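To start, the structure under review is shown below, and the notes come after it.
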Amino acid sequence: MNSIMQNYWPLFEMYQAMRGQMLGLLSDDELLFSPGGANRPLGELFREIGETERAYIDSFKEFACSFSFRNSDPGLAQSVERLGAWHAELDRELKAVVEGLTEEQVQSQRVHRGPNFKPPLQIQLSIYQEALLIFYGKASVYLKALNKPMPEQVRDWIA
């Protein structure tokens with residue numbers, strides 16, 4: 001077992017769990033909610049964080065990070081069930097990829113994110129955790145506007 005899985009992954013999974021807790025509060029109709037202005041519908045935020053996770057999965061495979069992937073599955077952003085299944089699949093794949101890294105890779109490999117930004121793998125996963133936190137901040141505003149009760153973990157950690 002590599003050091004990321006041993007020392008960091010259990011806490012990281014707790015961060016990932018909040019996405020499902022939030023999604024579980026919603027109906028398909030509520031995924032269409034937007035607070036107005038230039039804000040996208042809530043379902044699009046959930047689609048976007050999945051696309052972001054896809055970028056991080058690929059970065060642990062290729063040791064380069066690109067945010068070009070777009071999930072063009074029609075109707076994905078309007079279905080709680082489909083979003084939940086896709087996120088669960090992505091989570092399993094991310095865990096498998098990180099679990100498959102050797103300790104030598106964890107200690108020596110870096111992810112190319114630009115000419116002057118090549119973080120180690122542990123930091124790359126921490127950056128994805130930060131992306132999750134940004135997503136949770138955005139999503140919590142939508143949930144509050146929908147008068148949804150915050151899950152306990154979200155309330156204690158985010159809102």
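Of the residues LEU31, LEU23, the single one that is of a type outside the set (S, T, N, Q), in contact with a Gly (Cβ under 8 Å, 6 or more places away or on another chain) and closer than 26 Å to SER126 by Cα is LEU23.
THR52 satisfies every condition listed in (1) over 16 Å from VAL97 (Cα atoms); (2) in a helix (DSSP H, G or I) except (1). When the range 55-69 is limited to residues that are in contact with a Phe, Trp or Tyr (Cβ under 9 Å, 6 or more places away or on another chain) and part of a helix (DSSP H, G or I), the one that is surrounded by the fewest Cβ atoms within 10 Å (Cβ to Cβ) turns out to be ALA55.
Just so you know, in the range 1-31 the residues that are outside any helix (DSSP H, G or I) and under 17 Å from the mean Cα position of the chain (by Cα) include one that is surrounded by the fewest Cβ atoms within 10 Å (Cβ to Cβ), and it is GLY24. Of all the residues in the range 34-43, those that are among the aliphatic types (A, V, I, L, M) and either surrounded by 13 or more Cβ atoms within 10 Å (Cβ to Cβ) or under 30 Å from LEU121 (Cβ atoms) (or both) number 1. Looking across the range 126-140, just one residue is among the aliphatic types (A, V, I, L, M), under 12 Å from THR52 (Cα atoms) and buried (at least 18 other Cβ atoms within 10 Å of the Cβ), and that is LEU132. Pick from LEU90, LEU133, LEU143: which is in contact with a Gly (Cβ under 8 Å, 6 or more places away or on another chain), of a type outside the set (Asp, Glu) and assigned to a helix (DSSP H, G or I)? Answer to the selection: LEU90.
If you go through the range 82-104 and keep only what is touching a residue at least 12 places away in the same chain (Cβ under 8 Å) and either of a type in the set (Asp, Glu) or surrounded by fewer than 16 Cβ atoms within 10 Å (Cβ to Cβ) (or both), you end up with ALA88, ASP91, GLU93, VAL97, GLU99, THR102, GLU103. In the range 15-29, the residues that are within 10 Å of PRO151 (Cα to Cα) form Cβ pairs under 8 Å with partners that are in a loop (DSSP other than H, G, I, E, B) and among the β-branched types (Val, Ile, Thr), at six or more places apart or across chains, as follows: MET18/ILE158.
Yes or no: VAL111 closer than 14 Å to PHE12 by Cβ, touching a residue at least 12 places away in the same chain (Cβ under 8 Å) and touching a Lys or Arg at 6+ places or on another chain (Cβ under 7 Å)? Against the criterion (closer than 14 Å to PHE12 by Cβ, touching a residue at least 12 places away in the same chain (Cβ under 8 Å) and touching a Lys or Arg at 6+ places or on another chain (Cβ under 7 Å)), VAL111 does not qualify.
When SER108, SER72 are checked against the criterion of being at pLDDT 95 or above and either surrounded by fewer than 16 Cβ atoms within 10 Å (Cβ to Cβ) or at positive phi (or both), a single residue qualifies: SER108.
The values are calculated or read from the model by the stated rules, or taken from the named source; none is laboratory data. Just so you know, these numbers come straight off a predicted model, no measurement behind them. All Cβ positions, glycine included, derive from the backbone under ideal geometry; neighbour counts span all protein chains shown.
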